[in-house]
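The structure appears below as structure tokens.
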């Protein structure tokens, strides 16, 4: 049955919908898009939904002006969720408002109570609702048994060079690498005293936005929106750092070897097959094994793959690892793989001795929206996950079982919008959000955490983070007095360098 509607396409990190006139097109930054629609059949709506999947990690269609509640939502709840349709709060409020007016006309003495109920419901936006109320907060309420901690932080530099969104950052030795949707990879010197003159850096040009970066010796691996992984040889000894593209994964030889056997083909779309060594959507995350021999890649095509870092062959592909796009992947020192997805799940994978492939050993389900970021503590015993529900869930390894089983310890709350990136250094957790801030969390006694600082200054969502101990400050770092350098990349096209000093009294 045709439905007269407006359609709003929303990325997971958007929580507020701005009303617009019907039948208009408005583009509000990279995360929110309004489409003009007249009367569409259900098939046309789904076709438009599929058309936008190549642009966004997860597309949610929101029906904002259904002609009636029964016409637009006669489908079952399960089918609506499977199709990705959500009811818009604006249309819900309009329906309840019209119902209130009808009741007011019939029963005038109920007008005051109905209008007050409407007012309280209208103010109950997503931003004001508690994030994951079923998960206890780990933020320390009492500091009787905690150390007195003083912090000093400031932005020491803003690195400008990219002409579009900064999506990825990686630290290696004396250099910081950054990737952007302008298809460029740039190298920056890390010495704070030389940051202001380090804009004249090496630039590599690829195809498609640079979504993730990892460094192994003199090799730089970059993941791109064009479904390829590129391997660059970096010459840091040259007067100006130079890149040379060594390979593009999957390599030509790898593709040729898989070409002539039907068993090497997998179904990727309804009428399309390709060899299993190919990613068929944006590659969203990269990670290296502890010994550097293996490269792991995750993609919005719902798979993750494993590559050798010597000859760049693809060794394994986990097909249909998730029900939706994989946004994050981290690897523990003992080889356990954690993947976070837009399907709201975190999956744990392990390759047992004598087996050829990784096997699913656990599924962690607590988030109520897309998982965007994962990070592990240095010893791998604690997993941090950030999602669009504005919470960072802390998972601790279950000591009573072997493998990668995790239990929920609690949640870190403070951000007002989606968590987009996480980083861990020692007992500090760094989180970046769509609310344009970076928060620093410190683990205390008895599983408690405290928010030490909030960095403000970016003009757009903070998309990537990396951090390290500050070895340039001329003083020795200790448990009671330590300094850190934090690098944050944003959709405002800038990289900010922050200095944080923590003193325990």
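What FRET efficiency, computed as 1/(1 + (r/R0)^6) with R0 = 60 Å and r the Cβ-Cβ distance, is obtained for residue 150 and residue 316, rounded to the nearest 0.05?
0.80
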Normalised alpha carbon radius of gyration of segment 337-385 [divisor 2.2 N^0.38 Å]: 1.23
Please give the contour-minus-distance gain from residue 356 to residue 160: 0.36 nm per residue of separation, less the Cα-Cα distance, rounded to one decimal in nm. 66.0 nm
Quick one: work out Rg over Rh on the C-alpha atoms of segment 405-505, Rh as Kirkwood radius. 0.98
In nm, to one decimal, how far is the residue 456 label point from the residue 407 one, both placed 7 Å along Cα→Cβ? 3.9
Within segment 166-191, which residues have the backbone N less than 20 Å from the label spot 7 Å out from residue 244 along Cα→beta-carbon, could you tell me? 185-187
Using every pair of alpha-carbon atoms in segment 295-334, split the distances into 5 Å bins beginning at 0 and state the percent of pairs per bin, rounded to integers. 6, 24, 26, 24, 15, 4, 1
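Beyond 15 Å, what share of the Cα-Cα pairs of segment 352-443 is found? Please give it as a whole percent. Walk me through the numbers on the way to the answer.
Working: 2533 of 4186 pairs.
Across segment 352-443, Cα pairs with separations above 15 Å total 61 percent.
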Cα centroid of segment 338-403 to Cα centroid of segment 406-430, whole Å: 13
Ordered by fewest other Cβ atoms within 10 Å, a rough proxy for footprinting exposure, 458, 154 read 154, 458
Taking neighbour Cβ counts within 10 Å as the exposure measure, how do 150, 466, 158, 339 sort from fewest upward? 150, 158, 466, 339
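Values in this text are rule-based calculations from the coordinates and carry no lab data. Because the structure is a prediction, the values reported are computed rather than measured. Methodologically, a virtual Cβ is constructed for each residue, glycine included, from the backbone with ideal geometry; neighbour enumeration extends over all protein chains shown.
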